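Trainee: Below is a structure I'd like to ask you about.
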Amino acid sequence: MRLGYIVGSLSSTSINRKVADALVALAPEGVELVELDYSQLPVYSPDVDGDYPQAALDWKSAIEGVDGIVIVTPEYLRSVPGALKNAIDWASRPWGTNSFNGTPVAIAGASIGAIGTAAAQQHLRAILAHLNAPTLGQPEVFLQYRAGAWDAEGALIDEQVTAVLQGFLAATVAHVERYATVAA
Ligand SMILES: Cc1cc2nc3c(=O)[nH]c(=O)nc-3n(C[C@H](O)[C@H](O)[C@H](O)COP(=O)(O)O)c2cc1C
C-alpha cells in the first residue's frame, strides 16, 4: 500500500512535520509513506485553469498516484492553514479534474494549545467531503505538543503518543483497504 502524506505547515521547525516523520518511522510492514510536497505551488487563480503550471500538474499527479492520504496539519486561526487550503484548491481544479475524488484520507494534527487542532480538522473534513474524499472518522488525533516526547534527533520517544499514532495508522490502513474494495 502506498500512502501519501501532506504536512499542513511550511515551517522549518514544524511540530506537525515531527509527527509526520514519526508516522513514517512507525509505518507497518507493506505500507510505504511518501510525502506529497506542495511547497512550490504559487497562489491559485482560476486565470490559469486553461494553462496549469507544471508544479500544479505534478502536485495533482502525486495525489492521484497514491492509494490513500494522511494529512498532518496545524490549526491556524481555528481553521486550515492557508498554504494547505491553497494546495487543495489547486488539486480540485480545473473543474472536473478533482484529484481527491474517491481518495480515502486520514487526518491528524498537533498544536501547542490544549484543544489540539480540533477546529481545523473539522473544517478540513468539510472541504474533503465536498471533494468526495472519504475521511477516517476514528480515531481522531488531536495532539498537544510536548517537547519531551521527542529526543534531540527528533525521534518520538513517548510511549503513549507512539501507541496513539500506531492505532491511527492501523485504522488508516483499514480505511484505505475498505475503499479499495468498494472501488473494485
Ligand atoms: C497564523 C497562526 C495562527 C495560529 N492559530 C492557532 C489556532 O487557531 N489554534 C491553535 O491551537 N494554534 C494556533 N497557532 C499556533 C500553532 O499551533 C503553532 O504555531 C504550531 O507550532 C504550528 O504547527 P507547526 O509547528 O507544525 O507549524 C497558530 C499559529 C500561527 C502562526
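Trainee: If only one of Leu165, Leu169 is surrounded by 15 or more Cβ atoms within 10 Å (Cβ to Cβ) and within 14 Å of Lys18 (Cα to Cα), which one is it?
Mentor: Going through Leu165, Leu169 in turn, just one is surrounded by 15 or more Cβ atoms within 10 Å (Cβ to Cβ) and within 14 Å of Lys18 (Cα to Cα): Leu165.
Trainee: Scan the range 26-47 and tell me whether some residue there is touching a Gly at 6+ places or on another chain (Cβ under 6 Å) and buried (at least 19 other Cβ atoms within 10 Å of the Cβ).
Mentor: Yes.
Trainee: Mind listing whichever residues of the range 48-107 are in a helix (DSSP H, G or I), within 16 Å of the ligand (Cβ to nearest atom) and of a type outside the set (A, V, I, L, M, F, W, C)?
Mentor: Gly82, Lys85, Asn86
Trainee: Could you grab the pairs with beta carbons closer than 9 Å, sequence gap of 6+ or different chains, first residue in the range 4-23 and in a loop (DSSP other than H, G, I, E, B), second one modelled with pLDDT of 95 or more and of a type in the set (S, T, N, Q)?
Mentor: Within 9 Å, the pairs are Gly8/Ser14; Gly8/Asn16; Gly8/Thr73; Gly8/Thr117; Ser9/Asn16; Ser9/Thr73; Leu10/Ser39.
Trainee: Given the options Ala91, Ala20, Ala83, name the one that is surrounded by fewer than 22 Cβ atoms within 10 Å (Cβ to Cβ) and of a type in the set (Gly, Ala, Ser).
Mentor: The conditions single out Ala83.
Trainee: Can you tell me which of (1) modelled with pLDDT of 95 or more; (2) open to solvent by 20 Å² or more (accessible area, probe 1.4 Å); (3) assigned to a loop (DSSP other than H, G, I, E, B); (4) more than 20 Å from Lys60 (Cβ to Cβ) is the one Asn132 doesn't meet?
Mentor: Asn132 satisfies every listed condition except (4).
The values are calculated or read from the model by the stated rules, or taken from the named source; none is laboratory data. Quick caveat, the model's predicted, so the values are computed rather than measured. Virtual Cβ from ideal backbone geometry, glycine too; neighbours counted across all protein chains shown. Heads up: the accessible areas ignore ligands, DNA and RNA and are worked out on the full protein's heavy atoms, side chains in. Shrake-Rupley method; radii C 1.70, N 1.55, O 1.52, S 1.80 Å.
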